[in-house]
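Undergrad: Please read through the structure below; I'll follow up with questions.
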Amino acid sequence: MSNLIETKYAIELKGVSKIFGSVVANDNINLNIKYGEILALLGENGSGKTTLMNMLSGIYYPDAGTISIAGDEVSISSPTDAINYGIGMIHQHFKLVEVLNAMDNIVLGTKEKYLKPKILKDKILNISSKFGLEIEPEKKIYNMSVSEKQTVEILKVLYRGAQILILDEPTAVLTPQETEKLFAILRKMKEQGSAIIIITHKLHEVLSVSDRVAILRKGKLIDTVKTEDSNEKQLTELMVGRPVSLKINRPEVESKKTILNVVDLSVMNEDGSLGLKNINFKLKRGEILGVAGIAGSGQKELCESIAGLIKIKSGAVLCNKENIIGKTPDEIINLGISMSFVPEDRLGMGLVGSMGMVENMMLKSYRKSKGFFIDKKPSRKLAEYLKNKLQIVTPNVDMPVRMMSGGNVQKVLLGREIDSNPNVLITAYPVRGLDINSSYVIYDLLNEQKLKGVAVLFIGEDLDVLLELSDRIMVLCNGEMKGIVDTKETTKEEIGLMMAGKSFKGVEGDE
């Protein structure tokens, strides 16, 4: 490492502000990070984290203030500028070309893509060896696990000379074992002199991997603390501005009666492969059954097949002992089987982005109207109630939901579904992208439904949350069920191994 890097901040922000119309997204931010340091960036939804990182990565330009790299003031007006200054951002949603191999993705867009394959391969392997990364340069992206794809994304920015890395929610779809492997890589990169900024909502990960934590609230930098001197409670209070309980309740409900019975369920994907393979489980009233698995393990197919949104290859889904396979969602509702579905793609499947909250409430209730005219008053009343109860941030209930943050969109969707008084509530990643305060509001809502006798299928990605909230956890891997475990009698490590493909003898089935 050069003397310059040893004595200068990798990044130093002074008085950085960004304003969108009347909204101050970042307000006079002063922040720095050293080479050889991991800085965690925390904040609620809308606190300004993404805006701040977008200015470092060249997507936005500051309205005020200065950015310095290694002691020199710079102007970053494009992503190309950012990479030229040694800044690389690894986004939560990977930007890879699936049909190409790792090597081609890494050099794509560079002049070196014209070099001989052996020279490129050797250079990539040298970089990966330096930072402890494992990669097969000639392996196609579509054959890779999520963890392998993430490694390719990291190598893409390292290949371009990045010494400052920004990672946005990097563990969202990783198993515990893959997460620890990633953290080992980050620690190695830190030892090699890289400056790393990690954005995550998972406080235990912040405490595990970072050196310092910067906390944003409503666009302002509230504090920067040493990780070793902090804890989850302090960080949460700094984020939300008041004391918050970090305990997820798991109320006990007696006399659970099976309401949903899934028998030998198999579903084909669009590419002709099996998305689900002979899935068997029972879901009981007053129970939260968690579903764990790395992304693409069959969670989407499971939700959509139960909700009547896709055709199945074989098997049965019995709700109150009646097979609902082959029936449309409307027919399922008309049979008196109330199944609410909170999809992974909120605006693609759950809500109409150009409509406001009122109209989106009506999408669930308009069938009940009689005559030619639809009364908007009940939907408006519900929209106003949900806006207040769930603390939905929007100027008014007629504002198009596409103008809301992802977290607020999720609150609108889940609130509407719960209001329909379901017997079975299917939720896919209901707290994805939500800050900690909003997440706990959702956990409380799900527990309220549980106490009412609703059966909840909870598709999650945070194993700590799954273990605290669920009564049992079903683990999926490549469309197969690896077992169902009692949350009181299992560990995060055991579930992680099952997510990676290991089946355990003696794991609870469904008698």
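Undergrad: Could you list all residues from segment 381-395 that are in a helix (DSSP H, G or I) and within 19 Å of Leu434 (Cβ to Cβ)?
TA: Across segment 381-395, the qualifying residues are Leu386, Lys387, Asn388, Lys389.
A quick yes/no check of all residues on (1) under 25 Å from Tyr440 (Cβ atoms); (2) out of contact with any strand residue (DSSP E or B) (no Cβ under 8 Å at 6 or more places or on another chain); (3) of a type in the set (Asp, Glu):
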| residue | (1), (2), (3) |
| --- | --- |
| Leu466 | yes, no, no |
| Asp486 | yes, no, yes |
| Thr491 | yes, yes, no |
| Ile495 | yes, no, no |
| Met498 | no, no, no |
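Undergrad: Hey, another quick one. So is Asp398 part of a loop (DSSP other than H, G, I, E, B) and surrounded by fewer than 19 Cβ atoms within 10 Å (Cβ to Cβ) or not?
TA: yes
Undergrad: If I filter segment 187-239 down to residues being of a type in the set (Ser, Thr, Tyr) and either at pLDDT 95 or above or not in a helix (DSSP H, G or I) (or both), which single residue comes out as surrounded by the most Cβ atoms within 10 Å (Cβ to Cβ)?
TA: Ser210
Undergrad: Let me ask you something else. Looking only at segment 335-349, how many residues end up being loosely packed, with under 15 Cβ neighbours inside 10 Å and either modelled with pLDDT of 85 or more or under 14 Å from Asn423 (Cβ atoms) (or both)?
TA: 2
Undergrad: What helices (runs of 4 or more DSSP H) lie completely within segment 428-511 and have 1 or more residues being surrounded by fewer than 20 Cβ atoms within 10 Å (Cβ to Cβ) and at pLDDT below 85?
TA: Helices (runs of 4 or more DSSP H) meeting the threshold: 436-451.
Undergrad: A further question on this structure: So in segment 164-186, with the set limited to residues that are assigned to a loop (DSSP other than H, G, I, E, B) and polar (S, T, N, Q), which one is nearest to Ala40 (Cα to Cα)?
TA: Thr171
Undergrad: Would you confirm, using the coordinates I've provided, whether Asn421 is at positive phi, touching a residue at least 60 places away in the same chain (Cβ under 8 Å), surrounded by fewer than 24 Cβ atoms within 10 Å (Cβ to Cβ) and not hydroxyl-bearing (Ser, Thr, Tyr)?
TA: Yes: the conditions hold for Asn421.
Undergrad: Any residue in segment 281-309 that's farther than 23 Å from Tyr443 by Cβ: show its pairings with residues that are small (Gly, Ala, Ser) and not in a loop (DSSP other than H, G, I, E, B) at Cβ separation under 6 Å, as long as the two are six or more apart or on different chains.
TA: Gly298/Gly275; Glu301/Gly275
Undergrad: Across segment 128-139, which residue is farthest from Asn101 (Cα to Cα) among those that are in contact with a helix residue (DSSP H, G or I) (Cβ under 8 Å, 6 or more places away or on another chain) and surrounded by fewer than 17 Cβ atoms within 10 Å (Cβ to Cβ)?
TA: Looking at the filtered set, the residue picked out is Gly132.
The values are calculated or read from the model by the stated rules, or taken from the named source; none is laboratory data. Keep in mind it's a predicted model, so treat the numbers as computed, not measured. We place every Cβ from the backbone using ideal geometry, glycine too, and count neighbours over all the protein chains shown.
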